Amino acid sequence: MFGGIHLIRHDTRIDFMRIHKPLMFFSIFMVVASIALVAVKGLNFGIDFRGGILMEVRTSEAADLGGMRETLSNLGLGEVYLQQFGSPQDVLIRLRQQEGGDAAQGAAVQKVKDALGTSVEYRRTEVVGPKVGAELIWKAIYATLLALVGIAAYIWFRYEWHFGLNAILATFHDVITTVGLFSLLGLQFDLASVAAVLTIAGYSVNDTVVIYDRIRDELRRYKKLPVSDIINQSINKTLARTTVTSGLTLLSVLAIALFGGEALRGFAIALVWGIVIGTYSTIFVASPMLIYSNLRGLRAKAAAQATGPAGQTNVPPAGASPAGQPQTSAPKTAAPKAGATTTPATAKPK
């Protein structure tokens with residue numbers, strides 16, 4: 001019978017830990033470079049964060065996004081973003097915040113209406129001020145931090161504290177490098193990008209939990225095997241699952257990046273990067289840091305506390321009476337000496 005196609009053999013013996021040190025230094029470099037890029041170059045914030053004009057229109061036929069973009073780009077209103085949503089006739093138009101206060105925003109809206117004409121139905125017009133954009137930035141930061149804290153708490157309770165700490169460090173690694181990618185490529189960073197970052201954090205932790213489960217089982221099974229060998233063995237045993245899961249997810253995200261249009265391109269690129277960096281950090285960041293977490297020592301200390309001092313368990317000795325009750329014992333009889341014989345006692349005649 002056909003047994004299926006195995007992309008990765010189940011008996012692989014790849015020594016991942018042999019190269020973990022240079023890759024960990026490379027990960028530190030990526031994190032530092034990402035922070036420096038955001039600090040120096042900054043992010044290309046979208047209208048959601050820096051304010052602007054949002055207009056929802058409906059055309060009589062399928063909207064020609066290319067023609068509408070060319071028409072609106074010649075109005076001198078800065079960058080214009082068009083997004084098709086719902087039916088082919090529905091279009092979302094986004095304009096940057098115009099200088100000059102509310103009067104300038106109203107004039108920009110009128111220019112768009114004059115350019116598109118009366119054949120377009122204007123269903124909604126909203127103006128997002130810079131104050132609202134600043135509030136959205138802080139809410140996005142709070143949402144990301146709360147998600148990371150929740151992930152850390154879950155892993156902390158499910159495993160030991162060092163597993164949770166290493167997992168959250170790997171998740172920070174993925175999130176920070178993703179934001180650095182937005183800064184490096186100049187991709188628009190908006191609420192959809194925040195959703196992509198949170199998705200990446202959840203995906204990365206999911207992959208980490210699978211390998212952590214295997215590492216914990218192998219630690220219980222092999223008491224004397226070095227931790228690095230246990231990690232290698234665990235990664236190899238889950239490598240087939242990781243390859244299939246990450247590969248199929250990557251195919252779907254690539255389809256969004258190639259055919260999803262301009263509005264979803266930044267979101268899709270972030271997810272592609274997130275899948276790759278999440279799988280990488282699970283193998284070469286989250287898992288190798290367990291080598292330096294003194295797993296054997298912590299487990300031995302916990303076992304010593306459970307058994308008591310000098311390896312004795314905290315169980316009362318046999319024959320001990322409960323607390324508060326006097327202990328009774330049977331009368332002791334002297335043992336016969338070696339070579340001595342015992343005879344039954346006879347009654348003494350009167």
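The values are calculated or read from the model by the stated rules, or taken from the named source; none is laboratory data. A quick note: this is a predicted structure, and the numbers were derived from the prediction, not measured. Glycine also receives a Cβ, built like all others from the backbone with ideal geometry; neighbour counts cover every protein chain displayed. These area figures cover heavy atoms from the full protein model, side chains too; ligands, DNA and RNA do not enter into them. Shrake-Rupley method; radii C 1.70, N 1.55, O 1.52, S 1.80 Å.
What to note about this one:
- Computed with a 1.4 Å probe over protein heavy atoms only, the accessible surface of segment 145-252 comes to 43 Å² per residue.
- Dipole of segment 2-131 [Lys/Arg +1, Asp/Glu -1 at C-beta], most positive-end residue of S27, G66, T12: T12
- Annotation for D11 and S60: the two label points, set 7 Å from Cα along the Cα-Cβ direction, are 7.3 nm apart.
- Of all accessible heavy-atom area on segment 214-262, the percent that carbon and sulfur account for (1.4 Å): 62 percent
- Computed label-point distance, nm, for sites V40 and L169 using a 7 Å Cα→Cβ extension: 2.6 nm
- Each Lys and Arg Cβ is given +1 and each Asp and Glu Cβ -1; about its Cα centre, segment 1-160 then shows a dipole of about 600 debye.
- Over 30 Å apart at the Cα level, from the set K41/K111; K111/K139; K21/K223; K21/K224, are K41/K111; K111/K139.
- One Cα centroid belongs to segment 153-206, the other to segment 37-114; the line between them spans 30 Å.
- Percent breakdown of C-alpha pair distances by 5 Å bin, ordered from the shortest bin, for segment 202-258: 4, 18, 23, 19, 13, 10, 6, 4, 2, 1, 0
- The P(r) of segment 1-125 has a tail past 27 Å containing 49 percent of all C-alpha pairs.
- Relative contact order of segment 1-129, taken over Cα pairs closer than 8 Å and 6 or more residues apart, is 31 percent.
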